[in-house]
Amino acid sequence: ADFEKAETALLSLVQDNRDILPTANEFRVSLFTLGELYYRNGKWADAILRLEEAMERYPADAGAPRATFMLAESYRRSAQDITAAIKANPAIAGRDALEAARGTRYQRALDLFDRVITALDPGEGAGIGEQPVAARALSPLETDYLRTAYLDRAACAYETAQFGQAIKLYDGAAARFPTEPLAVEAYVQIVNASLALHQPTQAAAAVERARWVLKRIPDEAFAKLPTGMTRHDYEDFLNVAAPR
């Protein structure tokens with residue numbers, strides 16, 4: 001009920017409203033808010049529609065990095081939904097078109113995650129918006145966006161069988177966050193991508209690298225994990241991932 005009320009109120013401001021023009025601040029804020037509302041409620045197609053419009057109309061908006069992240073995640077989640085639908089019903093009608101859409105959405109997500117990283121990471125260039133976001137310290141939420149963008153960008157390459165690119169991007173994620181459990185997760189995916197390329201030697205080397213990195217991650221990094229995983233859990237994780 002709360003969602004429907006919020007959706008109705010926001011749509012009344014951005015859709016067929018002759019009193020509020022797109023140049024108005026109220027229209028701009030409402031459009032970004034509507035996109036986020038759909039994103040928070042898992043309505044990926046609606047989120048994509050509104051966030052794409054917001055980004056096209058207001059590319060220099062200060063909230064552009066946040067909207068870009070949500071748009072990227074919406075494309076990625078939409079592609080995941082297609083994957084799940086095909087897995088549940090391999091004979092699904094229009095499978096070829098769905099497979100094509102899946103690949104397109106993953107690629108769009110990858111490109112958008114690139115933009116998020118460029119916007120938020122000082123080492124990646126200027127940011128999206130009126131001034132480079134990287135010129136100031138990131139908020140905890142922006143840091144989470146950056147961390148997620150690095151991993152999910154690589155995941156998009158992996159999910160579309162671009163294993164060579166996935167290895168490069170996962171390696172970049174591990175290098176960017178070398179003292180966080182994220183680095184170990186990235187190396188596990190490097191193992192999987194290497195095995196998909198029939199490169200067992202490289203896979204074994206990635207496992208050893210992950211073990212080396214794991215030893216150097218401080219204990220407090222595990223205490224902050226929302227998953228509750230411990231150092232021992234990650235050690236077990238690597239034992240399972242190691243090629244036989």
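The values are calculated or read from the model by the stated rules, or taken from the named source; none is laboratory data. Quick caveat: nothing in here was measured; it's all calculated off a predicted structure. Note: ideal-geometry Cβ built from the backbone for every residue, glycine included; neighbour counts use all protein chains shown. To get the accessible areas, we keep the full protein, side chains included, count just its heavy atoms, and leave off ligands, DNA and RNA. Shrake-Rupley method; radii C 1.70, N 1.55, O 1.52, S 1.80 Å.
Tabulated data for the structure shown
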{"quantity": "C-alpha long axis of helix 231-241 to longest principal axis of the chain, angle in °", "calculated": "80 degrees"}
{"quantity": "Between helix 140-159 and the chain: long-axis angle, C-alpha atoms, 0 to 90°, nearest 10", "calculated": "70 degrees"}
{"quantity": "Value of relative contact order over the chain, rounded to a whole percent, pairs C-alpha under 8 Å and six or more apart", "calculated": "11 percent"}
{"quantity": "Relative contact order (%) - the stretch 156-196, alpha-carbon pairs under 8 angstrom, separation at least six", "calculated": "41 percent"}
{"quantity": "Calculated [θ] (222 nm, deg cm²/dmol) that DSSP helices of n ≥ 4 give over the chain, each run adding -39,500 (n - 2.57)", "calculated": "-24000 deg cm²/dmol"}
{"quantity": "Alpha-carbon centroids, the stretch 153-219 and the stretch 66-105: separation in whole Å", "calculated": "24 Å"}
{"quantity": "Share of carbon and sulfur in the accessible heavy-atom surface of the stretch 197-244 [1.4 Å probe, %]", "calculated": "58 percent"}
{"quantity": "Only Lys, Arg (+1) and Asp, Glu (-1) charged, at Cβ; the chain dipole about Cα centre in debye", "calculated": "600 debye"}
{"quantity": "Whole-percent carbon and sulfur share, accessible surface of the stretch 3-42, 1.4 Å", "calculated": "49 percent"}
{"quantity": "The chain - accessible surface per residue (Å², probe 1.4 Å)", "calculated": "53 Å²"}
{"quantity": "Structure-derived Rg and Dmax of the Cα atoms in Å - corresponding label in (i) 20.1, 67; (ii) 22.4, 81; (iii) 26.8, 122", "calculated": "(i)"}
{"quantity": "For residue 44, solvent-accessible area (1.4 Å; no DNA, RNA or ligand), Å²", "calculated": "40 Å²"}
